[in-house]
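Working notes, structure below.
Any read-out appearing in this document is the output of simple, stated calculations on the displayed coordinates, not a laboratory observation. Note that this is a predicted model, so its numbers are computed, not measured. Every residue, glycine among them, receives a Cβ derived from its backbone with ideal geometry; neighbour counts consider all protein chains shown.
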Ligand SMILES: [Zn+2]
């Protein structure tokens with residue numbers, strides 16, 4: 001194992017790693033404040049907090065596998081009106097800004113649910129998908145096959161099927177921390193295969209030994225040492241992650257303009273003279289009175 005005595009990391013990060021002289025690379029993600037900020041925005045049931053934490057980590061890991069400027073979101077959308085979980089989404093952009101939000105019904109169903117798997121199952125009929133929004137170029141959406149109610153399993157399966165890249169993915173949350181690890185086998189040369197024929201088998205077995213509480217309690221260097229201390233692991237500088245929202249006054253004005261002048265004034269009337277557009281992600285409230293609305297439509 002490479003010397004990591006000088007390992008430095010921010011509080012919340014995505015930490016890339018490579019197994020030296022091999023086509024294996026991966027990332028470890030750790031979120032603290034960002035995760036806590038997200039789950040404090042609504043009175044979420046315990047199981048949804050766990051699911052949102054895993055989705056945040058998944059989005060942060062998956063965007064690390066792409067070379068794009070833009071954002072990636074992991075989304076769940078129910079097509080069943082009665083399901084307790086209506087939708088959920090988490091996204092991360094190339095600067096490391098993350099945010100997440102879920103829509104759910106306050107039902108007794110949630111009382112006995114504590115795990116992300118249980119929350120996922122409560123989507124009922126519906127889809128899991130990944131959206132990629134590059135700053136330039138077309139957005140892309142991929143439907144992820146629900147091979148189980150385990151988000152990590154579904155996403156790893158998707159990477160293997162769609163990108164043809166064998167992928168290991170583990171996600172976990174505690175009350176305060178959301179963490180995870182992604183490991184990928186990039187295309188191998190014949191020489192790679194001859195040099196180390198059981199590389200992927202070995203990486204899979206080692207990675208499979210990580211426990212959920214280790215993913216939330218340990219830092220990346222400790223996780224990587226714990227798993228791969230017999231391998232040569234290279235660890236470049238970590239990328240910082242933080243909670244951040246993409247809402248803005250301009251976007252709210254755009255939404256009012258979409259309504260049209262008359263409709264906007266009607267809505268204003270219905271709301272007692274102040275129209276407030278609240279952002280569910282960050283809690284920011286964009287307020288419009290009659291003067292502001294009239295100015296927009298000049
Ligand atoms: Zn916002």
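Remarks
- Alpha-carbon gyration tensor eigenvalues x 5, square-rooted, for segment 1-121, Å: 31, 15, 13
- The ranking of 127, 298, 29 from fewest to most other beta carbons within 10 Å of each one's beta carbon is 298, 127, 29.
- Burial ordering of 289, 190, fewest other beta-carbon atoms within 10 Å first: 190, 289
- Relative to the longest principal axis of the Cα atoms of the chain, the long axis of helix 46-63 makes an angle of roughly 70 degrees.
- Anisotropy class of segment 194-298 from Cα gyration tensor, a/c 1.5 cut: prolate
- Pairs of alpha carbons in the chain whose separation is greater than 29 Å (percent): 41 percent
- Helix-derived mean residue ellipticity, 222 nm - over the chain, DSSP H n ≥ 4, -39500 (n - 2.57), to 500: -10000 deg cm²/dmol
- Principal-axis analysis of the Cα atoms of the chain puts helix 261-270 at an angle of about 80° to the longest axis.
- Order of 154, 92 under a 10 Å beta carbon neighbour criterion, fewest first: 154, 92
- Using the alpha-carbon positions of segment 73-227, Rg (one decimal) and Dmax (whole number) come out as 17.7, 57 Å.
- For the chain, the longest principal axis of the C-alpha atoms and the axis of helix 249-259 are separated by about 50°.
- Share of pairwise Cα separations in segment 249-296, more than 17 Å, in percent: 25 percent
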